[in-house]
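Values quoted throughout were computed directly from the atomic coordinates according to the rules given, and no laboratory measurement underlies them. For clarity, every value in this text was computed on a predicted model and none was experimentally measured. FYI the Cβ positions are ideal-geometry reconstructions off the backbone, even for glycines, and counts take in every protein chain you see.
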Amino acid sequence: MTDEPEPPTATRMLILTGISLILIIVGLTLLMSRVTVPGWVLLGAGFVALAAAFVVRPTR
């Protein structure tokens, strides 16, 4: 139980949004090159990360 400072909510939101956009772009690229299953998985993960970016709340 250390007292490390938590990153601000805006920073977490930016990080998660960036990660989700990368996953969505890579997923779409794989789908366009007919690699379907990993493409759908990455696309879904990207949208889940994007949804998580807007649900992030401070823990305390």
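Work out how much length Ile22 to Ala10 would gain on full extension: take 0.36 nm times their residue separation and subtract the Cα-Cα distance, in nm to one decimal.
2.5 nm
Between Val35 and Val55, what is the spin-label point distance in nm, taking each point 7 Å from the Cα along the Cα→C-beta axis?
For the pair Val35/Val55, the computed spacing is 2.8 nm.
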